[in-house]
Amino acid sequence: MPSERTAVQVRPGAESDLEALTDIYNHYVRETPITFDTEVFTPEERRPWLLSHPEDGPHRLMVAVRADSSGNSQEILGYATSSAFRPKPAYTTSVEVSVYLAPHAGGLGIGTLLYKTLFEALAGEDVHRAYAGIVPPNDASARLHERFGFRHVGTYREVGRKFGRYWDVAWYEKRL
């Protein structure tokens, strides 16, 4: 838990973050339906994903870190991304966004801080719409997205199968 002596900062992701980011993502692969990936990744397998999010442009990776009391070690608490929505050229002004938090970092306002920083970074980019897919029930994610002006635009019913059952995906949209 962050304390008065620790500060959470958000910065662009770096290659040195890859192992911690992979660990966070793999938690959701193993334990939740939040991602429809079903097999965990090695950091090397996630490297192309990391490299697809440069420090500028519409596809960003923002990382929330908490420095220890000495200011040396930085614990990664979560990350937010904006990624290509679809591969066809007419979709280039749309992005899909997501937030993943370390399992112990939920409910601390870190998702809000990540999205605030991500959307500020995207403000100068040629991006018209942001989309987010949420696997219900996930009230915390729905509230976070609604706080940032996302509106539910539809639900794909039983679109993914994981853990022996089918899951819906609720789609949210925000004008940028």
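Things to note:
- P(r) of region 5-114 over all Cα-Cα pairs, binned every 10 Å from zero, in whole percent: 14, 44, 34, 7, 1
- Exposed GluC sites (Glu not before Pro) absent - longest run of the chain, DSSP non-H/G/I/E/B, at most 15 other C-beta within 10 Å: 56-176
- Per-residue ³J(HN,Hα) for region 30-35, Karplus 6.51 cos²θ - 1.76 cosθ + 1.60, θ = phi - 60°, Hz, x for Gly and Pro: 6, 10, 9, x, 4, 10
- Pairs of alpha carbons in region 127-176 whose separation is greater than 12 Å (percent): 62
- Global form of region 101-141, assessed from the alpha-carbon gyration tensor, a/c cut-off 1.5: oblate
- Sequence-distant residues sharing a close amide H with Gly78 (under 5 Å, placed H): Ala64, Ala102
- Computed over region 52-149: relative contact order in percent, which uses C-alpha pairs under 8 Å that are six or more apart: 25
- Phi angles of region 99-105 translate, via the Karplus equation with coefficients 6.51, -1.76, 1.60 and θ = phi - 60°, into HN-Hα couplings of 10, 10, 10, 4, x, 8, 9 Hz per residue; Gly and Pro are given as x.
- Karplus (6.51, -1.76, 1.60) ³J(HN,Hα), θ = phi - 60°, over region 163-174, in Hz, Gly and Pro reported as x: 6, x, 8, 8, 10, 7, 10, 8, 9, 10, 9, 9
- Region 24-88: relative contact order in percent, alpha carbon pairs under 8 Å with at least 6 residues between: 22
- Residue separation of Arg175 and Asp37 scaled by 0.36 nm, minus their Cα-Cα distance, works out to 46.9 nm of gained length.
- The chain - percent relative contact order, Cα under 8 Å, separation 6 or more: 19
- In terms of its C-alpha gyration tensor, region 68-176 has an oblate overall shape, because the principal axis ratio a/c (a ≥ b ≥ c, square roots of the eigenvalues) is not below 1.5 and a/b does not outweigh b/c.
Each reported figure results from applying straightforward, stated rules to the coordinates on display, with no laboratory input. None of the values given here were measured: they were computed from a predicted structure. Using ideal geometry, Cβ is built from the backbone for each residue, glycine included, and neighbour counts are taken over all protein chains shown.
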